[in-house]
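Here is the structure we will look at, set down as structure tokens.
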Amino acid sequence: MSKRILMVLTSHDRLGDTGKKTGFWLEELAAPYYACLDAGAEVTLASPLGGQPPLDPTSDAEDSQTDATRRFKQDDAANAKLASTHRLSDMKADDFDAIFYPGGHGPLWDLVDNKDSIRLIETFWAQQKPVAAVCHAPIVLLNARDESGAPLVKGREVTGFTNGEEDAVGLTEIVPQLVEDALIGCGGIYSKADDFTPYTRRDGRLITGQNPPSSEPVAKVLLEALGL
């Protein structure tokens, strides 16, 4: 049987009080989506509200396009799947082999303390299944606990969008919390590469990536963890 991967996208579309839109980052969905699909895995998309999740318009700009995003835009089946994501509350860890969170700024608001997301992360972890997240999405790990009741990231190697990267995109004062600071504050063994350089960390079944260029490398590490 092929491996089944649950990808969880944000449903949040407001960038703080700026009046600007946010959501998921296209490349962070597209690159892992095809890495997993091309490796023979099945991919299911879900979001807190279900249906069409909001796309961060900045990630749709011409200078943000990659081979993977162009492929996704031309893929009718992928877009149909994106338009009808499953509701997160309906998802069960028993039905999948791994969980993956693409980033974008949206997760900073709606996936940090989402009970269904926390339930899924903790259940995947308890079932010895990989948990992966990239860029801003490692924020979803903050309130998840391991089998001992400790924060999941405590004492484990992690990475995520850096303070320097947030400053570079001009959103340090807008976001509710900084990913780097939050992971360190939760006891994570945080490390990073130069800003906007691909960088991943794997600590057993916990897999994280630093930024958009890390999205495909994170997916490949996840596939390795699944034996693909």
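The values are calculated or read from the model by the stated rules, or taken from the named source; none is laboratory data. Just so it is clear, the structure is predicted and the values come from calculations on it, not from any experiment. FYI the Cβ positions are ideal-geometry reconstructions off the backbone, even for glycines, and counts take in every protein chain you see. For accessibility, only protein heavy atoms count, side chains too; no ligands or nucleic acids. Shrake-Rupley method; radii C 1.70, N 1.55, O 1.52, S 1.80 Å.
Summary of the geometry: segment 75-111 and segment 128-165, compared by the centres of their Cα atoms, lie 17 Å apart. If only the Cβ of Lys and Arg carry +1 and only the Cβ of Asp and Glu carry -1, the dipole of segment 9-108 around its Cα centre is close to 300 debye.
Considering only protein heavy atoms and a probe of 1.4 Å, how much of the accessible area of segment 12-98 is carbon and sulfur, as a whole percent? Within segment 12-98, the accessible surface is 45 percent carbon and sulfur.
Note that segment 52-59 has calculated 3J(HN,Hα) couplings of 6, x, x, 9, 5, x, 5, 6 Hz, one per residue in order, obtained from phi through the Karplus relation 6.51 cos²θ - 1.76 cosθ + 1.60 (θ = phi - 60°); glycine and proline are x. The trypsin sites (Lys or Arg not before Pro) of segment 16-72 that DSSP puts in a loop, and whose beta carbon has at most 16 other beta carbons within 10 Å, are LYS20. If R0 is 25 Å, the Cβ-Cβ spacing of THR18 and LEU49 corresponds to a FRET efficiency of close to 0.70.
Once the Kirkwood radius over Cα pairs is known for the chain, the Stokes-Einstein relation at 37 °C and 0.692 mPa s delivers a diffusion coefficient of 193 µm²/s. Rounded to the nearest 5, what % of the DSSP beta bridges within segment 1-94 are antiparallel ones? Just about 20 percent of them are antiparallel. In order along segment 106-123, phi translates into HN-Hα couplings of x, x, 4, 9, 10, 10, 5, 10, 5, 5, 5, 5, 4, 4, 5, 4, 5, 6 Hz, rounded to whole numbers, per the Karplus curve 6.51 cos²θ - 1.76 cosθ + 1.60 with θ = phi - 60° and x for Gly and Pro. Karplus-derived 3J(HN,Hα) values for segment 66-74, using 6.51 cos²θ - 1.76 cosθ + 1.60 with θ = phi - 60°, are 9, 4, 5, 5, 5, 4, 5, 4, 8 Hz; glycine and proline are entered as x. Taking the DSSP bridge list for the chain and keeping only pairs wholly inside it, about 25 percent are antiparallel.
With the charge dipole of the chain set up from +1 on Lys and Arg Cβ and -1 on Asp and Glu Cβ about the Cα centre, the Cα lying farthest toward the positive end among the listed residues GLY16, SER117, PRO102 is that of SER117. Of ASP75, ASP38, ASP17, the residue with the greatest mean-square motion in the GNM of the chain, using alpha carbon springs below 10 Å, is ASP17. Entry comment: accessible area of the chain is 42 Å² per residue, from protein heavy atoms only and a probe of 1.4 Å.
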